[in-house]
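This report concerns only the one structure given below.
The values are calculated or read from the model by the stated rules, or taken from the named source; none is laboratory data. Because the structure is predicted, anything quoted here is derived from the model rather than measured. Positions of Cβ are backbone-derived with ideal geometry, glycine not excepted, and every protein chain shown enters the neighbour counts.
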């Protein structure tokens, strides 16, 4: 049995699952991020205990705890100042939880974990090389190469939201201009349409509101062009798009596919596959379980040295 | 000893090298591509014989022949209609050369082979993840992930020249609009500057010609923004730029680095490394030797099954 922990800025979602990824029980608690790392760690402990109790499974039956955490992970499990976890300056959450539970703990960036979850349990079951994108308040991504998480040379790969799509375009939260996130995230779509949020844009668009439809097409143009271009570069099996904004469904996916196809080379166009994520709000916790099962640096090392 | 063959549209460059990549002798013959595959294969045979004679090494001492060929390679060694080899519709060059020489033959796309050559013998000796770009008549690329060639799901990865940089931009040879190649290749730079070729643009720019300097900065802007963005996505050790246009040196690299830095996330900016290729005109033949030594699908399989 495995425990997966989706550590978010507002909620901690924890689940117990078996080796097939079947969830036995799950529990959601408030992160209370503003109260600092100590309180958050206490809340993680509480969520694990609550989940085990709900599942009626003793801790002794758990072989691994997976944590999906925001921001880059240094080394094996050190979280480094993610914007939505104030006060977290190099917290070695792996060590802390290993000490607390005396279990193997694997930690992974949440977008990477989500990419692996889609590969193992979601839309990418038969894929070898896959790009996962999440579009919500921001735009994040995770890359799977050869059915493993690709972390890059410094552990920060996957930042598709900060690929430039418009030179001298609008300012992005990262400080640069014209990032994909600055023109196609939920808030960017809402701003362009003059609405409060992406859901309001979707509702107006469904009623035929021209400006809302334009705002969605504008975002889809940039998303589609980016993923089509990335597919020319990486020649992937598929691109999986999740996150709150992706819940728009065909309203967003149709123009994304149109624009992506426009910039795909003819030889890659026939393979181009852009699909919605299958795992919805539980993609984070499924990612945390997925890294327990496979793809963590630990796991890879163990597999190599043959001690598993 | 190894033989490397750089099969180009106009020349075939063949070399004999030892296991450290040290070239013993090399020979260049005309491809005579217009006379069809049969004649080209004959010329390859002749170039191999000439090279062995020049090196004074018998064929019996050769353990592997590597071929770097244009266009995508299907399966283990089938060349599929590259634009500069007319009449080549699915030629299994691996089988043909294996029959001819009774040696192991490995075939690789030329840009992929060049990327591996830069990794093994050139600018990327200590890199793990590397992007190689060649800028000349066209713009091509090869990706190294984990010190191996990354071919993608259908064997066509690396086409950075066909990433879109300008929606509805100028028409590209590939049929699409606004590809990097359409705005930053040698001919594109020349067209923008009103010159015959990129070399003429370079010469004028060195004399202070404004339009030529602008043309170079324009290309550098698109190249820099693309590689900076790709580095946000792939978090590479380095980006190596070769090809005839890259011979401009700092005239091109300085603005490329400036623009790349502009769109790099602050966390990736400090790692961003854009360097000129070290191997010049012999990068192709060194690539063909590199794939003999490592990175060919064959080699990987052999290494795995332990029969080497």
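Please specify each residue of the range B:96-110 satisfying the condition of being touching a strand residue (DSSP E or B) at 6+ places or on another chain (Cβ under 8 Å) and surrounded by fewer than 22 Cβ atoms within 10 Å (Cβ to Cβ). Correct list: B:98, B:101, B:103, B:104.
Are any residues in the range A:129-144 more than 8 Å from every other protein chain (Cβ to nearest Cβ) and part of a strand (DSSP E or B), and if so, which ones?
Filtering the range A:129-144 down to residues more than 8 Å from every other protein chain (Cβ to nearest Cβ) leaves A:130-140, A:142, A:144.
Scanning the range A:129-144 gives A:130, A:131, A:132, A:133, A:134, A:135, A:139, A:140, A:142, A:144.
Checking the structure you have, find out if any residue of the range A:84-91 is within 14 Å of chain B (Cβ to nearest Cβ) and out of contact with any strand residue (DSSP E or B) (no Cβ under 9 Å at 6 or more places or on another chain). No, the range A:84-91 contains no residue that is within 14 Å of chain B (Cβ to nearest Cβ) and out of contact with any strand residue (DSSP E or B) (no Cβ under 9 Å at 6 or more places or on another chain). When residue A:245 is tested against the conditions (1) in contact with a strand residue (DSSP E or B) (Cβ under 7 Å, 6 or more places away or on another chain); (2) modelled with pLDDT under 95, the lone failure is (2).
Just to be sure before I move on: is residue A:171 free of Cβ contacts under 8 Å to residues at least 12 places away in the same chain, closer than 30 Å to residue A:45 by Cβ and over 17 Å from the mean Cα position of the chain (by Cα) in the structure I sent? No: the conditions fail for residue A:171.
Go through B:223, B:239, B:267 for me and flag whichever is within 14 Å of chain A (Cβ to nearest Cβ) and within 19 Å of residue A:168 (Cα to Cα).
Details: B:239 fails: within 19 Å of residue A:168 (Cα to Cα); B:267 fails: within 19 Å of residue A:168 (Cα to Cα).
Selected residue: B:223, the only one of B:223, B:239, B:267 that is within 14 Å of chain A (Cβ to nearest Cβ) and within 19 Å of residue A:168 (Cα to Cα).
For the range A:111-128, indicate whether the set of residues that are more than 8 Å from chain B (Cβ to nearest Cβ), surrounded by fewer than 24 Cβ atoms within 10 Å (Cβ to Cβ) and under 30 Å from residue A:191 (Cβ atoms) is non-empty. Within the range A:111-128, one or more residues are more than 8 Å from chain B (Cβ to nearest Cβ), surrounded by fewer than 24 Cβ atoms within 10 Å (Cβ to Cβ) and under 30 Å from residue A:191 (Cβ atoms). Look at residue B:138 and say whether it is at pLDDT below 95 and within 26 Å of residue B:78 (Cβ to Cβ). The answer is yes for residue B:138.
Kindly provide the set of residues from the range B:269-292 that are touching a helix residue (DSSP H, G or I) at 6+ places or on another chain (Cβ under 7 Å), closer than 21 Å to residue B:142 by Cα and modelled with pLDDT under 95, ordered by number. None; the set is empty. When residue B:198 is tested against (1) within 25 Å of residue A:166 (Cβ to Cβ); (2) out of contact with any strand residue (DSSP E or B) (no Cβ under 8 Å at 6 or more places or on another chain), only condition (1) is not met.
Residue-by-condition table, conditions (1) under 22 Å from residue B:146 (Cα atoms); (2) facing chain A (nearest Cβ under 9 Å); (3) within 20 Å of the chain's Cα centre (by Cα):
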position	(1), (2), (3)
B:227	yes, no, yes
B:230	yes, yes, yes
B:244	no, no, yes
B:249	no, no, yes
B:252	no, no, yes
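If the condition is being in a helix (DSSP H, G or I) and touching a residue at least 40 places away in the same chain (Cβ under 8 Å), then the range B:225-246 contributes B:225, B:226, B:227, B:228, B:230, B:231, B:234, B:244, B:245, B:246.
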